[in-house]
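Participant: Below are the structure tokens for one structure; questions will follow.
The values are calculated or read from the model by the stated rules, or taken from the named source; none is laboratory data. Keep in mind that this is a model prediction, so the values were computed, not measured. Don't worry about glycine lacking a Cβ; one is built from the backbone with ideal geometry, like all the others, and counts go over all protein chains shown.
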């Protein structure tokens, strides 16, 4: 495909990408900015409890809705214009019924088993409030998917910023002003979830009509139901590291690990933002056939570049940020963040290199790579965590992420072959590793020299990445002409 055509395709996406990424970046920046203020009222053990209760949302979230929200992506471009409101309305009502029924079941099961699953955390108030917040927040999933598939980036920004503002504002009020500590943290999350559900209802009342139709229900179930075991296995893999670590380590170690993950999760938040643009774009491309496949894979490196830039920034500057904050007990976080960013980055690649099972509608195969991922992380973690603690978790997550990506890619290419640009992907990986290695030789003091050297290294990495993405090399006619003019 001609470079001009690739640039034209990307320009159509750049506005939405800017809004999505900018919104998420703002949220992450403010979220990190207020974290040190919470450290006055919350200690590492409290963050350990927060990390453990996060397990509930990761595992039970996809179960209570049976992943019906995914049908919005699958069927939106299949429906006729006049069918879309009714189709989304049917999916919405089905999802709400599932949330009420299965949410109640989850609460009951946790009430009976929480003391065994999380022996260091009381069911009430912490597990109970975290679960209830997750259930209420799930009522907004269909609204979120509808905004995404319609590519309403500005509305998404308002929607997410309103929820984030309410959540962070309530947490500041309950934790810092009312001095309610961890209990106030969970109270604030519950109230924010109620606000999110109300906003979602208003959005859906505008974009859908309240009707229920049995038409296409079999197709909805056939597509979404196989996603549930895939999501369950993926959630188990995501929480198993915390679950096993809290069995073999102290709450303080658990807190340090959870905070390290929060830094690395900035890439995950970027990933969520990029998918908002890439998801609808990929469905449209597949509908075009072979030409659409080429469009999608040619634009993929442009989507990957921000991931690598953020990973380099996190690896280079986390230590500087922690030193500025001045809390010595949190300095070990900087040791783990570069490794965890790599894990998160590998976990994001399947969306761009292994989308075949989802885009072809063969969701019944999604559970296979997820099952291998779960088995590998359990085995490696059980063997390594007792001896190596957090580093044991990191090694296990790398092994599991590589196994998951390899198997996903195999099945994806078998069902929907795509012409990927591997040379650019390899170049990004080499660039990230090189930046981390070079940074180890930068002197830690004086601080101004350390920061200046890292900034220079970052600029060089970004320049190199632009050259890779744009196919700009030493044989370029433009560069030859530029050198001749200099002479």
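Participant: Tally time: how many residues in the range 136-178 are at positive phi and under 18 Å from the mean Cα position of the chain (by Cα)? Walk me through it before giving the result.
Facilitator: We begin by selecting, within the range 136-178, every residue at positive phi; these are 151.
Those left that are additionally under 18 Å from the mean Cα position of the chain (by Cα): none.
Selection size over the range 136-178: 0.
Participant: Quick check on residue 102: is it in contact (Cβ under 8 Å) with a residue 12 or more places away in the chain and more than 23 Å from residue 188 (Cβ to Cβ)?
Facilitator: When the stated conditions are applied, residue 102 passes them.
Participant: Could you say which residue among 438, 442, 390 is in contact with a helix residue (DSSP H, G or I) (Cβ under 9 Å, 6 or more places away or on another chain) and crowded, with 18+ Cβ neighbours inside 10 Å?
Facilitator: On the way: 438 fails: crowded, with 18+ Cβ neighbours inside 10 Å; 442 fails: crowded, with 18+ Cβ neighbours inside 10 Å.
Being in contact with a helix residue (DSSP H, G or I) (Cβ under 9 Å, 6 or more places away or on another chain) and crowded, with 18+ Cβ neighbours inside 10 Å holds for just one of 438, 442, 390, which is 390.
Participant: Would you pick out the residues in the range 22-56 that are within 17 Å of the chain's Cα centre (by Cα) and either buried (at least 19 other Cβ atoms within 10 Å of the Cβ) or at positive phi (or both)?
Facilitator: Here is the first cut: in the range 22-56, the ones within 17 Å of the chain's Cα centre (by Cα) are 22-29, 31-32, 51, 54-56.
Scanning the range 22-56 gives 23, 24, 27, 28, 51, 55, 56.
Participant: Name the one entry in 92, 111, 96 that is touching a helix residue (DSSP H, G or I) at 6+ places or on another chain (Cβ under 7 Å) and more than 19 Å from residue 228 (Cα to Cα).
Facilitator: On the way: 92 fails: more than 19 Å from residue 228 (Cα to Cα); 96 fails: more than 19 Å from residue 228 (Cα to Cα).
Answer to the selection: 111.
Participant: Okay, next question. Which residue, of 203, 127, 121, is under 29 Å from residue 243 (Cα atoms), surrounded by fewer than 21 Cβ atoms within 10 Å (Cβ to Cβ) and in contact with a helix residue (DSSP H, G or I) (Cβ under 7 Å, 6 or more places away or on another chain)?
Facilitator: Values: 203 fails: under 29 Å from residue 243 (Cα atoms); 127 fails: surrounded by fewer than 21 Cβ atoms within 10 Å (Cβ to Cβ).
Just one listed residue meets the conditions, 121.
Participant: Moving to a separate point now. Under 8 Å between Cβ atoms, at least 6 apart or on separate chains: pull out the pairs that start in the range 241-252 with a residue that is touching a residue at least 40 places away in the same chain (Cβ under 8 Å) and at negative phi and end on any residue that is crowded, with 17+ Cβ neighbours inside 10 Å and not in a helix (DSSP H, G or I).
Facilitator: So the pair list comes out as 245/389; 246/118; 248/389; 249/389.
Participant: Then there's this: All but one of (1) in a helix (DSSP H, G or I); (2) under 18 Å from residue 201 (Cβ atoms); (3) within 24 Å of the chain's Cα centre (by Cα) hold for residue 68; which doesn't?
Facilitator: For residue 68, the exception is condition (1).
Participant: Could we say that residue 298 is within 30 Å of residue 43 (Cβ to Cβ) and either in a helix (DSSP H, G or I) or at pLDDT below 80 (or both) here? Steps first, please.
Facilitator: Numbers: within 30 Å of residue 43 (Cβ to Cβ): no; either in a helix (DSSP H, G or I) or at pLDDT below 80 (or both): yes.
When the stated conditions are applied, residue 298 does not pass them.
Participant: Looking at residue 231, is it surrounded by 21 or more Cβ atoms within 10 Å (Cβ to Cβ) and closer than 19 Å to residue 375 by Cα? Walk me through how you get there before you give the answer.
Facilitator: Values: surrounded by 21 or more Cβ atoms within 10 Å (Cβ to Cβ): yes; closer than 19 Å to residue 375 by Cα: yes.
Criteria met by residue 231.
Participant: For the range 338-381, what are the residues that are closer than 23 Å to residue 301 by Cβ and free of Cβ contacts under 8 Å to residues at least 24 places away in the same chain?
Facilitator: Once the filter is applied, which keeps residues that are closer than 23 Å to residue 301 by Cβ and free of Cβ contacts under 8 Å to residues at least 24 places away in the same chain, the range 338-381 yields only 358.
Participant: Sticking with this one: With (1) under 20 Å from residue 27 (Cβ atoms); (2) over 20 Å from the mean Cα position of the chain (by Cα) as the list, and residue 184 as the residue in question, which single condition is left unmet?
Facilitator: Against the list (1) under 20 Å from residue 27 (Cβ atoms); (2) over 20 Å from the mean Cα position of the chain (by Cα), residue 184 comes up short only on (1).
Participant: Answer yes if at least one residue in the range 14-34 is outside any helix (DSSP H, G or I) and modelled with pLDDT under 75, and no otherwise. Working first, answer last.
Facilitator: Taking the range 14-34 as the starting set, the residues that turn out to be outside any helix (DSSP H, G or I) are none.
No.
Participant: Can you report the number of residues in the range 268-301 which are in contact (Cβ under 8 Å) with a residue 24 or more places away in the chain, under 23 Å from residue 147 (Cβ atoms) and touching a helix residue (DSSP H, G or I) at 6+ places or on another chain (Cβ under 8 Å)? Break it down stepwise before answering.
Facilitator: If we filter the range 268-301 for residues that are in contact (Cβ under 8 Å) with a residue 24 or more places away in the chain, which is where we start, we get 268-284, 286-287, 293-301.
After this cut, where a residue has to be under 23 Å from residue 147 (Cβ atoms) as well, the list is 268-284, 286-287, 296, 299.
Among the residues that remain, those that are also touching a helix residue (DSSP H, G or I) at 6+ places or on another chain (Cβ under 8 Å) are: 268-284, 286, 296, 299.
Count: 20.
Participant: Under 7 Å by Cβ, and 6 or more places apart or on different chains, what pairs join a residue from the range 71-87 that is more than 16 Å from residue 217 (Cβ to Cβ) with one that is part of a loop (DSSP other than H, G, I, E, B)?
Facilitator: So the pair list comes out as 84/76; 85/208; 85/209.
Participant: Also: Would you check if there is a residue in the range 332-353 being part of a loop (DSSP other than H, G, I, E, B), in contact with a helix residue (DSSP H, G or I) (Cβ under 8 Å, 6 or more places away or on another chain), closer than 24 Å to residue 72 by Cβ and at pLDDT 85 or above? Quick ask: steps written out before the conclusion?
Facilitator: Residues of the range 332-353 that are part of a loop (DSSP other than H, G, I, E, B), as a first pass: 332, 349.
This time we only want the ones that are in contact with a helix residue (DSSP H, G or I) (Cβ under 8 Å, 6 or more places away or on another chain), so: 332, 349.
Next cut, closer than 24 Å to residue 72 by Cβ only: none.
Taking every residue of the range 332-353 in turn, none turns out to be part of a loop (DSSP other than H, G, I, E, B), in contact with a helix residue (DSSP H, G or I) (Cβ under 8 Å, 6 or more places away or on another chain), closer than 24 Å to residue 72 by Cβ and at pLDDT 85 or above.
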